[in-house]
Amino acid sequence: MHRNYNDNYPKEIYHKRKHPSHTRKKRKNVVRRMKLITFLIVGAIGLYLAFAIVRSRLNLQSYEVQAFNAADEIVVKYRRQWDDDIEAGGRGRQIEEDERTREVEGGGMVSYATEQEIGDGLASWKTILVNRDNPIPAGHQMNLQEIEGGFFVDVRIVDALHEMLTAMRAEGLSPLIVSAHRSHAVQTILFENNVERLEGEGWSREAAEQETARKIAIPGTSEHEIGLAVDFGTGQYRYASSCFGETPEGRWLAEHSARFGFILRYPRDTEHITGVIFEPWHFRYVGVEAARYITKNNLTLEEYTQLLR
């Protein structure tokens, strides 16, 4: 008996049986639709990625501007408190008298060491030697000041650091601070995490500790713990990277940081002296006079302090 689609027979099946070409046309339509959907999805992903890249660059620029403004506000606030303390005849007066006078050099504010600082030699807080053989002295004290990026440093180096960053940015560079003061607890965590990672790779505890100490200071022997060391990066290297030394920012710091009292703390080919690998991102404040002497004579802080003994 003949059956049509009105007699409980699906219309689609009826047409497939009556018109086989309908199936082929339908398949072609499905393929076209899938291609269109694929094209739209790929296009949407491309637009999203382009938008994300543009947004990240804008955010980075905004971050640098905000960080710079925040640092400027911090310094202004600090100087106001400092001046008030001096006027009141407090501890700031004695420190201010021992500090270097402010003069302009090379377009940026720099400081010159006092005779007392030179005479103090090893007693100067600026040239205190901290390494695996010279742990942080018991009772060492410091006052920390927040700087851009939410990091902290010894309050006595805030001005010099700010001036150096200002000079760099005036030349079109984009330095970022990626690390500064660390508490003893944080330094311990960093050290132990790396030791445990190496132990997981089959290293003995002793060997893991020795290898880690080449890259991460043993807790209690890190310059970061005394607030006088700063690690720098750029928008491209927002973390401590060996590639930083090849960036315009890294080269500028290596050449000019001494004007502001900083030195490249762990130069290339000095691991046998410092016990630490080459770290082009790590700069230590030692004061302008010491920084100039160390840089001019290609010394490490270890060699410089040895000369003062």
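Points to keep in mind about this one:
- Positive-end residue, region 176-246 charge dipole about Cα centroid, Cβ charges, pick of Pro219, Ala229, Val186: Ala229
- Ranked packing of 213-219, 203-209, most packed first, by mean Cβ within 10 Å: 213-219, 203-209
- Taking a ≥ b ≥ c as the square roots of the eigenvalues of the alpha-carbon gyration tensor, region 171-232 is classed prolate because a/c is 1.5 or more and a/b outweighs b/c.
- Straightening the chain between Asn298 and Met34 buys 88.4 nm, computed as 0.36 nm per residue apart minus the Cα-Cα spacing.
- Each peptide in 162-169, 131-138, 41-48 receives the mean, over its residues, of other Cβ atoms within 10 Å, and ordering these scores from highest gives 162-169, 131-138, 41-48.
- Region 180-251, relative contact order in percent, only Cα pairs under 8 angstrom and at least six apart counted: 37 percent
The numbers here are math on the coordinates, done by the rules we state, and not lab data. Remember, it's a predicted structure, so these values are computed and weren't measured experimentally. Counting neighbours? That spans all protein chains shown, and the Cβs are built from the backbone with ideal geometry, glycine included.
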